[in-house]
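Student: The structure's right below; bear with me while I get my questions together.
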Amino acid sequence: MIPSDPRTQAMTQWLENDLSLSVNSYAPASSDASFRRYFRVNVANDDFIVMDAPPDKEDIARFIKVADLLRHANVKVPLIFQQNLPDGFLLLEDFGSQLYLDNLNENSADGLYQRAFDSLFNLQSNTPLTSCGLPAYDLALLERELNIFTEWFVDKRLEMTLPKHIWNVVSTVLIDSALEQPVTCVHRDYHSRNLMIIDQDSPGVIDFQDAVIGPITYDLVSLLRDCYINWPEEFVDQWMTNYFQRLEQAKLVDCGLERFRRWFDLMGMQRHLKAIGIFSRLDLRDGKSGYLKDIPRTLAYVTQVAARYPELAEFGEYLENINLADKVSA
């Protein structure tokens, strides 16, 4: 059963009255870290997904635009069968429920990641950067994202103060590294919860509506240093190296491996700091505590990278002194 509220009632009326569909069953499919909800509906023995995206909180037109862009780049995204922009509903292709996250293990990882690399390469090599109309992952956006960490994790979750001289160094190092990279289309959440195992052209890619034009390592590090599953560092380094060689052969990067590795490390730190802030905000502001359990894993990525770069050593020491057991609990 789906919850009875004005949004689901409007959704039902759209499906049954406007689209004249005879719906056999409804069930919640998933929710995410935004205001969007997803429902699985069965019509004439076929399953579909309905996206519920309140127009005052979500930009459904952007989802449609990016879906079309990625489809033309040969990335497998859900087909959009029907749309209702005024009310914020889409009727989508159902990719099922086989998330990468639930199927990744040491035996399956190489094969699943290879298909994810193929899809990512299509995204990066087939998207026309000058005409796609996606916003830039620019200085202002990088600064806003980093501030999520200080505001929601340090200030509000930890109730601590991060010394300005430490944070100024971190911000400068991470932003400079991000802005000096070659740019490409960036999914922004390319990880195991947004990649799905499907029968044809796997993986199915979802949650892409926030795509931008930005640093070339962003999606790669999102995938390999995933906030929801981690791998031995030697695995990560080998996968990263192999993908770097692919980018190099395609002339999408023009740098040595060590410089690319630094970009990869620091881009991951920027993303992980943002994610830690978002996980805290989801709990403190939105009452979604389920992401708190992912903070220790994500913070561990940050401290590991900080230990590799002398300019970040003081920040790493600050983080090492945080007692998460008292501050992070679901």
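The values are calculated or read from the model by the stated rules, or taken from the named source; none is laboratory data. Since the structure is predicted, the reported quantities are computational estimates derived from the model, not experimental observations. Neighbour counts are summed over all protein chains in view; Cβ atoms, including those assigned to glycine, are modelled from backbone coordinates with ideal geometry.
Student: Within the range 133-152, how many residues turn out to be buried (at least 17 other Cβ atoms within 10 Å of the Cβ) and either over 11 Å from CYS185 (Cβ atoms) or over 19 Å from the mean Cα position of the chain (by Cα) (or both)?
Tutor: 7
Student: Just for the range 176-198: of the residues that are in a loop (DSSP other than H, G, I, E, B) and among the charged types (D, E, K, R), which one is surrounded by the most Cβ atoms within 10 Å (Cβ to Cβ)?
Tutor: Across the range 176-198, the extreme among qualifying residues is ASP189.
Student: Now for a separate question. Is there a residue in the range 26-37 that is modelled with pLDDT under 90, surrounded by fewer than 17 Cβ atoms within 10 Å (Cβ to Cβ) and of a type in the set (D, E, K, R)?
Tutor: yes
Student: Does SER280 satisfy the condition of being of a type in the set (Ser, Thr, Tyr) and surrounded by fewer than 16 Cβ atoms within 10 Å (Cβ to Cβ)?
Tutor: no
Student: Exactly one of these conditions fails for LEU92: (1) under 23 Å from VAL212 (Cβ atoms); (2) under 17 Å from the mean Cα position of the chain (by Cα); (3) buried (at least 19 other Cβ atoms within 10 Å of the Cβ). Give me its number.
Tutor: All conditions are met except number (2).
Student: Can you find even one residue in the range 211-225 that is of a type in the set (Ser, Thr, Tyr), assigned to a loop (DSSP other than H, G, I, E, B) and in contact with a helix residue (DSSP H, G or I) (Cβ under 6 Å, 6 or more places away or on another chain)?
Tutor: yes
Student: Return the only residue of ILE64, ILE49 being of a type in the set (Val, Ile, Thr), surrounded by fewer than 16 Cβ atoms within 10 Å (Cβ to Cβ), out of contact with any helix residue (DSSP H, G or I) (no Cβ under 8 Å at 6 or more places or on another chain) and not assigned by TED's automatic domain parsing to the domain that holds ASP286.
Tutor: ILE64
Student: Same structure again: Could we say that ASP219 is buried (at least 16 other Cβ atoms within 10 Å of the Cβ) and either not assigned by TED's automatic domain parsing to the domain that holds THR127 or not hydrophobic (A, V, I, L, M, F, W, C) (or both) here?
Tutor: yes
Student: Next question, about the same structure. Residues that are of a type in the set (A, V, I, L, M, F, W, C) and without any contact (Cβ under 8 Å) to a residue 40 or more places away in the chain: find the helices (runs of 4 or more DSSP H) completely inside the range 68-175 holding 1 or more of those.
Tutor: Here the list reads 139-148.
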